[in-house]
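The values are calculated or read from the model by the stated rules, or taken from the named source; none is laboratory data. Not measured: the values here are computed from a predicted model. Here Cβ is always computed from backbone atoms with ideal geometry, including for glycine, and neighbour counts include all displayed protein chains. In case anyone asks, the SASA skips ligands and DNA or RNA and just uses the protein heavy atoms, side chains included. Shrake-Rupley method; radii C 1.70, N 1.55, O 1.52, S 1.80 Å.
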Amino acid sequence: METANLRLQRIKRSSALPAPRFRYTPAIVAGPFVFVFGLVGLDPETGKLAVSGTAAETAQILRNLRLLCEEHRWSIERILFARVFCVSDVSAEVNSAWEEFFAIAEPSARSFMVVNALPLSAAVEIEFQLLV
């Protein structure tokens, strides 16, 4: 059996995203896939969490994702999957920001999980998988 040869490239820095506060790589390219991890609603300019609740945090995450994609010339339309983590069942607020973001593009597949806590006291965290 032949093993697929996936070239792994770590993206350690991004001028589009807020600097990671913990030791992790926010995006990894492996072959034709991009994996984006641990996005919370931090404003790239201030480094502070978006205020006004879960919809605002979700909208900031999606803006940050758009900036990251523009920086690396990845297409938002090639998002395959998103995994959403929330500290409570606030799916209506997440869906509101999600619908606005994907108003002109087909939304990706998505899962939604309620968790006890998230880093930096965020209400929502999202990770994405894209096809380059």
- VAL115 and GLU71 label points (each 7 Å along its Cα→Cβ direction) are spaced in nm at 2.1 nm
- Measuring from label point to label point, each 7 Å out along Cα→Cβ, what is the ALA92 to GLN9 span in nm? 4.4 nm
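Quantify, in whole percent, the carbon and sulfur part of the accessible surface of segment 42-105 (1.4 Å probe; protein heavy atoms only). The partial results should precede the final answer.
Values: 1710 of 3500 Å².
C and S atoms contribute 49 percent here.
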- Task: With a Förster radius of 22 Å, plug the Cβ-Cβ distance of SER52 and LEU80 into 1/(1 + (r/R0)^6) and report the FRET value to the nearest 0.05.
- Result: 0.15
- Task: Compute the acute angle (0 to 90°) between the alpha-carbon long axis of helix 91-101 and the principal axis of greatest extent of the alpha-carbon atoms of the chain; round to the nearest 10°.
- Result: 60 degrees
- Task: Take the alpha-carbon centre of segment 63-132, take the same for segment 11-52, and report the distance between them in whole Å.
- Result: 12 Å
- Message: Rounding to the nearest 10 and keeping the result within 0 to 90°, find how far the Cα-based axis of helix 54-72 lies from the longest principal axis of the chain.
- Response: 30 degrees
- Return the single residue from VAL87, VAL115, VAL29 with maximal mean-square fluctuation; model: Gaussian network over the chain, springs between Cα atoms under 10 Å. VAL115
